[in-house]
Amino acid sequence: DLSTRSPNQHFCALLACEAMAESAAAAGQSSSVRKSGVPVFVMMPLDTVKTCCGSGLNHRRTMARDLAALKSSGVEGVMVDVWWGVVEGEESGLYNFEGYMKLVEMARDAKLKVQAVMSFHQCGGNVGDTVNIPLPRWVVEEMDKDQDLAYTDQCGRRSYEYVSLGCDDVPVLDGRTPIRCYTDFMRAFRDHLAGFLGDTIVEVQVGMGPAGELRYPSYPESEGTWKFPGIGAFQCYDKYLLNSLRMAAVAAGNPDWGLGGPTDAGGYNSRPDDTDFFRQDGGGWDSEYGQFFMSWYSRMLIEHGDRVLSGAASVFGHEPGVRLSVKVAGIHWHHGTESHAPELTAGYYNTRRRDGYLPIASMLGRHGAVLNFTCVEMRDEEQPRDARCMPEGLVRRVAAAARGAGVGLAGENALPRYDDAAYDQVLVTAREERMVAFTYLRMGSDLFQPDNWRRFAAFVTRMSEAG
């Protein structure tokens, strides 16, 4: 558990803690006052728990001090990924939550709350992934034997980030269905950490896809497959999803529509107007076939979310003080076009003329889950003009969907930011959209640099007044 921080980083962290303690005292705010505002959580490093065995913690010697610094700033708690590939990594049904027990105990001792993320995805290959944590070894072995367990694009590229939702109810993982595996994992988590539920562990965020988000792996960064602001690619070519598509096409009276996804939708790094399917005028996305395909593609994603959340609700639904949440990706590039191509390839059937987020929010509402949305720190004016980005408009649209479905809206920043402009934007969104919580990405040595820390501490104080 030796720390890798330099002496200067240790000194900066100590200064940060002292500076924030003075700031909190000057503000004269009690914890009861903070609760009237928007609580701020901070994401822990991706490799907080040792990935080799799951029993220990990295940087344990400095972690207690870091947690104390967060508490002194008025932070409500921390978020941590509970990795499937770490806890159940070696053998099906054999769980090791020892490292997470140690972390939750440290959070409790620091009087911090915990948001636990059930991370059923691979770490590595997405924005911000600094470590590599594959799916459990026994799951990867099953995927090697049957490669159609992996999401597949039209060129045959397979994704090992997350098991394809097409086989949710098929016993393909050591005799269990993926949904059963997710539910068993969450039940084991509940049983092992029962003493912390509702007191220290106040939220369980349920992973639904790549990066833990409810979406298809349509824009993978690994091996340079996708680069911003490409439109991404549909992921419906494994045999399980193709069989579902064929049945849907037959039911619609057009069997030819079930042969595969659109053949004119370009590639990962295309622009909308480079393709016949996504172009502005007369694009295939707005044709009868396009509406059929997108309705099926998005419905499959929502039904997947419903199945996973049903399992989560059966495990945590009767745990007082524990709420469920689901993360939805902030796909803001090309949101200024008619088709919203990157949202469509990710499974969000949201266009200029159709609200694709209300059906998602309504599904979450059936299970009492919070909608956690990313990119709330971004401003339209900061984005490259040729990417047609509209993060502010997208946040407003998702917030409206959450209100319409009667579900709480929480937020995250999509990229690490330490500047006042980003904090100001989060604060505006928190106030205008009545966010129930905000989770900051992420804890690390950069956050504890004195200037960064002072700005962050001031932001936390302002969020406590944003009720």
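An ellipsoid equivalent to the range 273-387, defined through the eigenvalues of its Cα gyration tensor, has semi-axes of 31, 19, 9 Å when rounded to whole angstrom and sorted largest first. Per-residue Karplus couplings for the range 254-259, computed as 6.51 cos²θ - 1.76 cosθ + 1.60 with θ equal to phi - 60°, are listed in order as 9, x, 5, 5, x, 7 Hz, Gly and Pro entered as x. Of the cross-linked pairs LYS145/LYS327; LYS50/LYS111; LYS50/LYS113, which ones have a Cα-Cα span greater than 25 Å in the structure shown? Result: LYS145/LYS327 exceed 25 Å. Each other residue within a Cβ distance under 13 Å of ARG307 adds +1 if Lys or Arg and -1 if Asp or Glu, for a net charge of -1. Measuring max minus min along each principal axis, the C-alpha atoms of the chain give extents of 68, 49, 41 Å (largest first). Residue by residue, the range 65-80 carries 3J(HN,Hα) couplings of 5, 5, 5, 5, 4, 4, 4, 5, 7, x, 4, 6, x, 10, 10, 9 Hz when phi is fed to the Karplus relation 6.51 cos²θ - 1.76 cosθ + 1.60 (θ = phi - 60°); x denotes Gly or Pro.
Under 5 Å from the amide H of GLU213 lie the amide H atoms of MET208, each residue being 5 or more positions distant or on a separate chain, with H modelled from the backbone and absent for Pro and chain starts. For the peptides 113-120, 281-288, the ranking by packing is 113-120, 281-288, with the highest mean count of neighbouring Cβ atoms within 10 Å listed first. Search the structure for amide H atoms under 5 Å from the amide H of GLY330, placed 1.01 Å from N in the peptide plane, and list their residues when 5 or more places away or on another chain. Correct list: THR374. Of the whole protein surface, CYS53 contributes about 60 Å² of accessible area at a 1.4 Å probe radius. For the range 355-372, backbone nitrogen atoms closer than 18 Å to the point 7 Å from SER310 Cα along Cα-to-C-beta are found at 360-369. Indicate, rounded to the nearest 5 percent, the antiparallel portion of the DSSP beta bridges found entirely in the chain. Counting only bridges with both partners in the chain, antiparallel ones make up about 20 percent. The simple Förster model, with R0 at 45 Å and r as the Cβ-Cβ distance, assigns VAL131 and SER287 a FRET efficiency of 0.55. Accessible area per residue (1.4 Å probe, heavy atoms of protein chains only) ranks LEU193, LEU94 as LEU94, LEU193, with the largest value leading. Treating r as the C-beta distance of GLN280 and ARG176 and R0 as 51 Å, the FRET efficiency rounds to 0.65. For the range 362-447, the calculated P(r) over all alpha carbon pairs, in 5 Å bins from 0 to the bin holding the longest distance, is 3, 14, 24, 22, 17, 12, 6, 2 percent. Residues whose amide H comes within less than 5 Å of that of MET79, counting only those at least five positions distant or on another chain, are VAL42, MET43, MET44, GLN115 (H built at 1.01 Å from N in the peptide plane). Within the shell of other residues whose beta carbon sits under 14 angstrom from the beta carbon of ASP451, the net charge comes to 0, with Lys and Arg scored +1 and Asp and Glu -1. Helix 450-463 and the long axis of the chain differ in direction by around 80°, with both axes built from C-alpha atoms.
The values are calculated or read from the model by the stated rules, or taken from the named source; none is laboratory data. What you see is a predicted model, and the numbers here were worked out from it, not measured in a lab. Cβ atoms come from the backbone with ideal geometry, glycine included; neighbour counts cover every protein chain shown. Accessible surface areas use protein heavy atoms only, side chains included; no ligands, DNA or RNA. Shrake-Rupley method; radii C 1.70, N 1.55, O 1.52, S 1.80 Å.
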